[in-house]
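Participant: First the structure, which I've put down as structure tokens, then a few questions once you've had a look.
The values are calculated or read from the model by the stated rules, or taken from the named source; none is laboratory data. If you're wondering where the values come from, they're calculated on a predicted model, not measured in any experiment. Methodologically, a virtual Cβ is constructed for each residue, glycine included, from the backbone with ideal geometry; neighbour enumeration extends over all protein chains shown.
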Amino acid sequence: NAGVTQTPKFRILKIGQSMTLQCTQDMNHNYMYWYRQDPGMGLKLIYYSVGAGITDKGEVPNGYNVSRSTTEDFPLRLELAAPSQTSVYFCASSWDGSRTQYFGPGTRLLVL
Amino acid sequence: LAKTTQPISMDSYEGQEVNITCSHNNIATNDYITWYQQFPSQGPRFIIQGYKTKVTNEVASLFIPADRKSSTLSLPRVSLSDTAVYYCLVGDDGAGTALIFGKGTTLSVSS
């Protein structure tokens with residue numbers, strides 16, 4: 001099992017550009033999450049999904065969109081990149097939605 | 001949601017036992033206490049979770065007093081590889097629960 005994988009590992013965007021952060025899990029988990037972590041801070045929830053076709057907002061959803069067409073994939077879309085979105089993005093998954101979540105290695109995003 | 005308070009940083013030497021205490025005065029009846037570990041440039045990793053008394057696994061022990069207003073993560077005989085940020089999280093274990101991370105405790109282990 002690869003667990004939770006994320007691509008790319010690192011990306012530089014110009015202000016106003018868009019991109020999709022990819023997240024895939026091979027554990028057949030129903031629940032998936034996107035978090036962001038700013039330097040020296042804890043993680044904040046952006047969006048989460050309780051199953052294919054179902055998504056919901058977290059604490060900081062503005063500027064992001066998600067979709068969940070399959071159990072395995074949960075991409076995060078940035079439409080108009082802003083410097084405030086410079087952060088490390090972590091995807092996580094959970095079998096039963098409990099507090100035991102499995103995290104991916106993260107995507108480091110720099111918006112200039 | 002119960003707010004947690006834990007030390008910003010701690011220092012230790014290899015071979016010592018490290019105890020990190022987390023304060024959560026407003027913990028609710030349905031809340032669990034969960035600890036995660038995060039190494040630099042990696043995602044957090046689940047360490048241990050408990051509701052009351054003591055929980056032990058191959059990595060750590062978690063001590064929770066009867067009033068549940070605090071908890072202590074105990075790492076036995078730490079090594080350099082235990083240098084990481086440790087997060088204490090409190091919340092219920094319902095389906096779809098999102099984890100609320102604070103700044104955590106940065107543990108530095110020296111030789």
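Participant: Scan segment A:49-69 residue by residue and report those that are assigned to a loop (DSSP other than H, G, I, E, B), in contact with a Ser or Thr (Cβ under 9 Å, 6 or more places away or on another chain) and not small (Gly, Ala, Ser).
Facilitator: A:Arg68
Participant: Still on this model: Looking at segment B:58-78 only, could you name the residues that are within 15 Å of B:Ile47 (Cβ to Cβ) and modelled with pLDDT of 95 or more?
Facilitator: Answer for segment B:58-78, where residues must be within 15 Å of B:Ile47 (Cβ to Cβ) and modelled with pLDDT of 95 or more: B:Ala60, B:Ser61, B:Leu62, B:Phe63, B:Ile64, B:Ser71, B:Thr72, B:Leu73, B:Ser74, B:Leu75, B:Val78.
Participant: If I filter segment B:17-37 down to residues being of a type in the set (Val, Ile, Thr) and crowded, with 19+ Cβ neighbours inside 10 Å, which single residue comes out as nearest to the other protein chains (Cβ to nearest Cβ)?
Facilitator: B:Thr34
Participant: Among (1) touching a residue at least 24 places away in the same chain (Cβ under 8 Å); (2) under 23 Å from B:Asp92 (Cα atoms), which single condition is A:Asp73 missing?
Facilitator: (2) is the only condition that A:Asp73 fails.
Participant: Here is a follow-up. Of all residues in segment A:17-48, which are within 21 Å of A:Val88 (Cα to Cα) and not in a strand (DSSP E or B)?
Facilitator: Within segment A:17-48, A:Gln17, A:Ser18, A:Asp38, A:Pro39, A:Gly40, A:Met41, A:Gly42 meet the criteria.
Participant: Scan segment A:37-89 for residues that are within 14 Å of another protein chain (Cβ to nearest Cβ), charged (D, E, K, R) and under 22 Å from A:Met27 (Cβ atoms) and report the count.
Facilitator: Here the count works out to 2.
Participant: So, restricting to strands (runs of 3 or more DSSP E) that lie completely within segment B:1-102, which ones have at least 1 residues that are touching a strand residue (DSSP E or B) at 6+ places or on another chain (Cβ under 9 Å), farther than 30 Å from A:Tyr47 by Cβ and not hydrophobic (A, V, I, L, M, F, W, C)?
Facilitator: Result: B:9-13, B:18-23, B:53-56, B:61-64, B:70-75.
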